[in-house]
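The values are calculated or read from the model by the stated rules, or taken from the named source; none is laboratory data. Keep in mind that this is a model prediction, so the values were computed, not measured. Cβ placement follows ideal geometry from the backbone for every residue including glycine, while neighbour counts extend to all protein chains displayed. Each accessible area value is taken on the protein alone, full model and side chains, heavy atoms only, with ligands, DNA and RNA left out. Shrake-Rupley method; radii C 1.70, N 1.55, O 1.52, S 1.80 Å.
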Amino acid sequence: QVQLVESGGGLVQAGGALRLSCAASGNICRINGMGWYRQAPGKQRELVAVIIRGGNTNYADSVKGRFTISRDNAKNTVYLQMNSLKPEDTAVYYCNADVLSTDYWGQGTQVTVSS
């Protein structure tokens, strides 16, 4: 079992920045990769960014160059730095952990970008 706790969402104006954090606990040694997904009202949940065990990262085209995923292994925490935010980035952001092909999810944190 892995537990994920997100923090850092909020309301920001377009062009602003936010940093999301996701602290993992439990059987963290079995985590293959961690990532961030988001779900806007009326839309499907979509991948935003992922970082795998070796450190490689992958981003959705819509956030490339604006968002950065990183991790602090000592704190068992993954971050999502979001810059140049746009109204279309408004969504609930979920932290995800891939543990031996089983997905674990955080509770979600709301990000709202006003125009």
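Taken across segment 4-16, residues that are in contact with a Gly (Cβ under 9 Å, 6 or more places away or on another chain), closer than 18 Å to SER101 by Cα and at pLDDT 95 or above do occur, with at least one present. Restricting the first member to segment 46-62 and to residues that are more than 19 Å from ASP72 (Cα to Cα), and the second to residues that are exposed (fewer than 15 other Cβ atoms within 10 Å of the Cβ), the beta-carbon pairs closer than 6 Å and six or more apart or on different chains are ALA60/LEU47. Contact map, segment 92-112: first residue in contact (Cβ under 8 Å) with a residue 24 or more places away in the chain and outside any strand (DSSP E or B), second residue among the hydroxyl-bearing types (Ser, Thr, Tyr) and open to solvent by less than 20 Å² (accessible area, probe 1.4 Å), Cβ cut-off under 7 Å, separation 6 or more or different chains; pairs are GLY108/TYR93. Quick check on my filter: what residues within segment 19-31 are open to solvent by 60 Å² or more (accessible area, probe 1.4 Å) and within 11 Å of the chain's Cα centre (by Cα)? Of everything in segment 19-31, just one residue is open to solvent by 60 Å² or more (accessible area, probe 1.4 Å) and within 11 Å of the chain's Cα centre (by Cα), namely ARG19. Given the criteria within 18 Å of VAL113 (Cα to Cα), without any contact (Cβ under 8 Å) to a residue 24 or more places away in the chain and not hydroxyl-bearing (Ser, Thr, Tyr), does ARG66 qualify? Spelling it out, ARG66 is indeed within 18 Å of VAL113 (Cα to Cα), without any contact (Cβ under 8 Å) to a residue 24 or more places away in the chain and not hydroxyl-bearing (Ser, Thr, Tyr).
Could you tell me whether any residue of segment 91-109 is surrounded by fewer than 18 Cβ atoms within 10 Å (Cβ to Cβ), modelled with pLDDT of 95 or more and among the β-branched types (Val, Ile, Thr)? No, segment 91-109 contains no residue that is surrounded by fewer than 18 Cβ atoms within 10 Å (Cβ to Cβ), modelled with pLDDT of 95 or more and among the β-branched types (Val, Ile, Thr). Annotation: of all residues in segment 32-60 being over 15 Å from the mean Cα position of the chain (by Cα) and under 20 Å from LYS86 (Cβ atoms), the one that is least open to solvent (accessible area, probe 1.4 Å) is GLY42.
Might you let me know whether segment 7-18 holds any residue that is assigned to a strand (DSSP E or B), buried (at least 16 other Cβ atoms within 10 Å of the Cβ) and polar (S, T, N, Q)?
So in segment 7-18, the residues assigned to a strand (DSSP E or B) come out as 7, 10-13, 18.
The next check asks that each one be buried (at least 16 other Cβ atoms within 10 Å of the Cβ); those that pass are 12, 18.
Retained after the next criterion (residues that are polar (S, T, N, Q)): none.
No; the residues of segment 7-18 include none that is assigned to a strand (DSSP E or B), buried (at least 16 other Cβ atoms within 10 Å of the Cβ) and polar (S, T, N, Q).
Quick check, is ARG45 among the basic types (Lys, Arg), under 16 Å from ILE28 (Cβ atoms) and out of contact with any Leu (no Cβ under 8 Å at 6 or more places or on another chain)? Spelling it out, it is not the case that ARG45 is among the basic types (Lys, Arg), under 16 Å from ILE28 (Cβ atoms) and out of contact with any Leu (no Cβ under 8 Å at 6 or more places or on another chain). Within the span defined as segment 72-85, every residue fails to be basic (Lys, Arg), within 14 Å of the chain's Cα centre (by Cα), surrounded by fewer than 18 Cβ atoms within 10 Å (Cβ to Cβ) and within 26 Å of GLN1 (Cβ to Cβ).
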